[in-house]
């Protein structure tokens, strides 16, 4: 167990910079999640830490020691692969023992550590099975036990849950988190699933186009997204295009006048609003932004309702209502009151992050 | 609704499929059946119906020394050529499937060429080459055991390269990465992880390589020397003078041997996974 530092880590293939100048510090025992859409460079970053990809420039330090030029088999990183990558010709116990054999661990000690690792993932009764005789979830746990058995400095998880079905995924991620906490393992998980990221992470790194967009804890990312991309990727937002007209005033391209609390320079801007921060009906009148609009679409999500409300020719806002007994589902085409506090709006200069993820 | 229609359509389909399969089976097995039958005919000139049945051709087989020595030579050449084919084929397959070097496609076609070139052409070419080489170097190549082994290795290589390649393509590289990650260097990873994973391909390569060598007639015809004939050539030579069921008996033994090899192999690696 050790800390991890990435210093200006960069990987280019020709002119294509897949990872650009990534620097971050992961404290000992911290659970860090690299989050981003596919092709954002998160997996390449992880593979550089594991040693499978050679960085074009920059350094990787584990526990303060520079390991940038070490081959993968000399780094003490335990990795869980997306497809588990179990050795098909070895039994579960042999799979878990492999790393210990490579470390020339004495055989009595080996047997004990294999047993401990399998007990940790509750698979000690299946030690004699072959990977092909197991379910996806069990294979995943074998992969985890195999990575844990070597007592790695850093645990690397490459989308470890993406091949599991939704129900199992929720269980396993809680398990992984508990295990990580119990063992105090410095862990890096790569995922594109923000819900997964938010459940397990101490801190998150949002990446896009090879760059780090924002590093922070969950609240930072959700409440204060650094740019439009983060605002759309973490949670959901309705985006309204327009420009800053003056002190605390935003005008949308279709002419809506909206109060805003945060100041950015005059000029084109995007206003982002979280669906759950909007209010509908009479309670909307208490907000300092309140407007009327037509219900365009309603989607019933079980615990919540999403109401799409059109406010202008180019402006549409989604309101999320929690599905309580008192909630009356609005009808399509109905004219409704909608409102949000000016402090709930997030403002971004329009030239920033425009090419990124689609908004709502 | 779909379900209620299923059984009848399924039934017709099944009858057609099974019928076609049965027809193919008969077509393939019928000649084998006749060979078996013929080998136990009593009379010297095969005619129908047989006079009676006897196993005397099998004992004649043992007495006819050319068959025994041909069998041993074929076995020796086959085993050595298969080994050479594996030793050459495995690294070649690794380069073809894994490396990024230019001309891999050309290299691949080149190694498969002996399978495409007709045996007679190959035999003639090697014959001329061995004569020229013998003249140039004074080494007794022509008609030698070494010359035969080299030639047979040539026809084994396409099989080993092709079958190992096919297996290697399907191997998930991340499994090797997992081995690196756990502390195994490239050499350890190759022997402990990669090699066991391509075992089905290696077994298939060995089997088909050996059968290709063991049964080869056309190419070998050009390369054998006096007193040194392989089994297929011994059979051919025998047929020039006699048509008694000894040849059928020899074939039966050959078929039994290959069938045995297949069964033993199947016990260790399921052939249905290999081919």
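General remarks:
- Viscosity 1.567 mPa s, temperature 4 °C, Stokes-Einstein D of the range A:4-223 from Kirkwood C-alpha radius, µm²/s: 73
- Pair residue A:115, residue A:326: separation of 7 Å Cα→Cβ label points (nm): 6.0
- Over all directions, the projected convex hull of the C-alpha atoms in the range B:221-275 averages 5.6 nm² in area.
- Divide the volume of the convex hull around the Cα atoms of the range B:75-160 by the residue count and you get 108 Å³ per residue.
- Angle between chain A longest axis and helix A:166-183 axis [Cα atoms, degrees, rounded to 10]: 60
- Dmax and Rg, reported as Rg then Dmax, of the range A:217-304 (C-alpha, Å): 14.3, 41
- Average Cα contact separation per residue, chain A, under 8 Å, 6 or more apart, as relative contact order %: 16
- Of the residues A:150, A:176, A:49, the one that moves most in a GNM of chain A with alpha-carbon contacts below 10 Å is A:176.
- Across every direction, the projection of the convex hull enclosing the Cα atoms of the range A:12-135 has a mean area of 9.9 nm².
- Listed peptides A:140-147, A:56-63 appear in the order A:140-147, A:56-63 once ranked by packing, highest mean of other Cβ atoms within 10 Å at the front.
- Nitroxide proxy distance, nm - points 7 Å out along Cα→Cβ at residue B:125 and residue B:262: 3.1
- Take the Cβ atoms of residue A:69 and residue A:162, set R0 to 30 Å, and the FRET efficiency comes out at 0.45.
- Residue by residue along B:170-179, Cβ atoms of other protein chains within 10 Å of the local Cβ number 6 on average.
- Each peptide in A:209-217, B:207-215, A:118-126 gets a packing score, the mean of other Cβ atoms within 10 Å over its residues, and the list from highest to lowest is B:207-215, A:209-217, A:118-126.
- Cα centroid separation - the range A:2-61 against the range B:25-41, whole Å: 67
- Principal axis analysis of the Cα atoms in the range A:132-183 yields extents of 29, 23, 17 Å, listed in decreasing size.
- Extension gain, residue A:183 back to residue A:108 (0.36 nm per residue minus Cα-Cα distance, nm): 24.8 nm
- Computed on the range A:124-265, the Cα convex hull volume stands at 158 Å³ per residue.
- The spacing between the range B:52-108 and the range A:190-229, judged by their C-alpha centroids, is 61 Å.
- Estimated FRET transfer efficiency (residue B:20, residue A:132; beta-carbon r; R0 25 Å; 0.05): 0.15
- The helix-based estimate of mean residue ellipticity at 222 nm for the protein assembly as shown, built from -39,500 (n - 2.57) per DSSP H run of four or more residues and divided by its residue count, is -15000 deg cm²/dmol to the nearest 500.
- At full extension, residue B:37 and residue B:187 could sit 48.7 nm farther apart than now, given 0.36 nm per residue minus the alpha carbon distance.
- Crossing angle, helix A:92-102 versus chain A [Cα axis fit, 0-90 degrees, rounded to tens]: 70
- q = 0.07, 0.08 Å⁻¹, chain B: log10 I(q)/I(0) [Debye, one scatterer per Cα]: -0.38, -0.49
- Counting only other chain Cβ atoms within 10 Å of each residue's Cβ, the peptide A:83-89 averages 6.
- At q = 0.05, 0.08, 0.11 Å⁻¹ the log10 of I(q)/I(0) for the protein assembly as shown amounts to -0.43, -0.84, -1.12, computed by Debye summation with a single uniform scatterer per C-alpha, solvent ignored.
- Angle between chain A longest axis and helix A:107-120 axis [Cα atoms, degrees, rounded to 10]: 20
- Mean shadow area of the range A:234-352, taken as a quarter of the surface of its Cα convex hull (nm²): 7.3
- For the protein assembly as shown, share of DSSP beta bridges that run antiparallel, in % to the nearest 5: 75
- With a Förster radius of 45 Å applied to the C-beta separation of residue A:224 and residue B:173, the computed FRET efficiency comes to 0.65.
- Packing-based ranking, highest mean first, of A:20-30, A:267-277 given that Cβ atoms within 10 Å are counted: A:267-277, A:20-30
- Fluctuation leader among B:17, B:221, B:112 - chain B, Gaussian network, Cα springs under 10 angstrom: B:17
- Modelled this way, with points 7 Å down the Cα-to-C-beta line, the labels at residue A:38 and residue A:259 are 4.5 nm from one another.
Where a number appears in this text, it was derived from the coordinates with a stated rule and is not lab data. Predicted model, so just to flag it, every value in this text is computed and none were measured. Neighbour counts run over all protein chains shown; Cβ positions are idealised from the backbone, glycine included.
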